[in-house]
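*Asks:* One structure coming up, written as structure tokens, with questions to follow.
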């Protein structure tokens, strides 16, 4: 008769614990193939449990194929392969620990404390109260239509870009949209990417099977002659504010890029990264706004303008690519939760987004000025040269030093400081990129500037 200590079930329901005990005996060979299990009533009396408990255990074993029944004969052990006991998680695998930095000038950050969280909370409550059934219903593949309308209105009013909601595809952040674009382009396409440029762009495309060719930037951005020489069929670029150089592509070069796309049938992916955060004059109009032939796919996210955790981005596809998207990729469901889409829609429609952007421009303009002033008055002021374009949340700072980037980074790590270097954003080994820091200043509060200057002075000291 099967005997088990039911007191050791550890909070499991009785039937489930009994099922696990019998299953373990079958897998270990203690119960042999074809062996008949005790009747439900006999085993219940033996273990001091109800017949329903034993019946539940037997039914689960039968459902998973460990036992089978014979008419009027009972339950018998089925033919299964013996297996080794399930391995417990290795005790020596420790949780991945993210280092806490005393100062981090490498990571892109936004000032979360300035976000109108009370407004977002109120809008969330409204959505939950008013959109209840809709939140549980499937969304259109390209995203909530009302959100696409709100995005189109924002693009038209503040970016001078005229697109229809039908052209918008909502996705969970830039990386997901890169994956969609990679599938639209296909593995036979040679994709030109900027060098120096944001490494993740190339990494995502290459992991998707797209061949990427890093093209050196000149003073005006990506060069159409280099595109032709590389045999590129597509180009991913940021003409309004390139990361990390900060370059803005002038109108003449933009027209040349469009001419390249028109002549070759190429596609331009315009990544409009943080272009809204321009501190002098209006944001530069997107390249797509002067594209008359439908060669430019426009991409943007709310990661920099709201928060990195806001995994909402969007594509504005030209008609030709939209037709291809609907033909080939329309089976994908929208990857952004319904609640976020409904709340963001109201945030845009009711003007809170533009109000927030206006406050952030004011705050970051002041913060940038304070950082530049502090660096200019520091003990290392004579050994740095700052290049900044009056836009975005970073600037370049070149050091006059004999140390390598690796040596400077090591000195910084010893002091709990994380630095990013321009040399990390290029595929080329050129001295022109050496000793140049990419300073992401958005997380630098004014109160921390004295400590920041002191730490950097110690790191840069000869």
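The values are calculated or read from the model by the stated rules, or taken from the named source; none is laboratory data. Bear in mind that the values here come from a model prediction, so they are computed numbers and not experimental data. When we count neighbours, we look across all protein chains shown, and the Cβ atoms used for this are built from the backbone with ideal geometry, even at glycine.
*Asks:* Which residue, of 278, 228, is in contact with a helix residue (DSSP H, G or I) (Cβ under 8 Å, 6 or more places away or on another chain), closer than 25 Å to residue 109 by Cβ and in the same structural domain as residue 177 (by TED's automatic domain parsing)?
*Replies:* Of 278, 228, the one residue that is in contact with a helix residue (DSSP H, G or I) (Cβ under 8 Å, 6 or more places away or on another chain), closer than 25 Å to residue 109 by Cβ and in the same structural domain as residue 177 (by TED's automatic domain parsing) is 278.
*Asks:* Consider only pairs whose beta carbons are under 8 Å apart and that are at least six residues apart or on different chains; among these, list those whose first residue lies in segment 36-58 and is free of Cβ contacts under 8 Å to residues at least 12 places away in the same chain and whose second residue is surrounded by fewer than 20 Cβ atoms within 10 Å (Cβ to Cβ) and part of a loop (DSSP other than H, G, I, E, B).
*Replies:* 44/50
*Asks:* While we're on this one: Given 31, 2, 43, 12, which one is in a helix (DSSP H, G or I) and either under 25 Å from residue 82 (Cα atoms) or not assigned by TED's automatic domain parsing to the domain that holds residue 63 (or both)? Give the derivation first.
*Replies:* Working: 31 fails: in a helix (DSSP H, G or I); 2 fails: in a helix (DSSP H, G or I); 12 fails: in a helix (DSSP H, G or I).
From the options 31, 2, 43, 12, the qualifying one is 43.
*Asks:* If a residue has to be modelled with pLDDT of 85 or more, more than 17 Å from residue 152 (Cα to Cα) and not in a helix (DSSP H, G or I) to count, how many in segment 255-293 make the cut? It would help to see each step written out before you state the result.
*Replies:* Going through segment 255-293, the residues modelled with pLDDT of 85 or more turn out to be 255-272, 285-293.
With more than 17 Å from residue 152 (Cα to Cα) added as a condition, the list becomes 255-269, 292-293.
Narrowing further to those that are not in a helix (DSSP H, G or I): 265-269, 292-293.
Residues in segment 255-293 being modelled with pLDDT of 85 or more, more than 17 Å from residue 152 (Cα to Cα) and not in a helix (DSSP H, G or I): 7 in total.
*Asks:* Only residues that are part of a loop (DSSP other than H, G, I, E, B), out of contact with any helix residue (DSSP H, G or I) (no Cβ under 9 Å at 6 or more places or on another chain) and loosely packed, with under 12 Cβ neighbours inside 10 Å: list them for segment 100-137, please.
*Replies:* 100
*Asks:* Does residue 443 meet the test of being surrounded by fewer than 16 Cβ atoms within 10 Å (Cβ to Cβ) and either in contact (Cβ under 8 Å) with a residue 12 or more places away in the chain or outside the structural domain of residue 199 (by TED's automatic domain parsing) (or both)? Working first, answer last.
*Replies:* On the way: surrounded by fewer than 16 Cβ atoms within 10 Å (Cβ to Cβ): no; either in contact (Cβ under 8 Å) with a residue 12 or more places away in the chain or outside the structural domain of residue 199 (by TED's automatic domain parsing) (or both): yes.
Against the criterion (surrounded by fewer than 16 Cβ atoms within 10 Å (Cβ to Cβ) and either in contact (Cβ under 8 Å) with a residue 12 or more places away in the chain or outside the structural domain of residue 199 (by TED's automatic domain parsing) (or both)), residue 443 does not qualify.
*Asks:* Right, next: If I ask for residues that are in a loop (DSSP other than H, G, I, E, B) and crowded, with 23+ Cβ neighbours inside 10 Å, which ones from segment 184-206 would you list? Show your work before the answer.
*Replies:* From segment 184-206, those in a loop (DSSP other than H, G, I, E, B) are 186-189, 196-198; that's our starting set.
Within segment 184-206, 196, 197 qualify.
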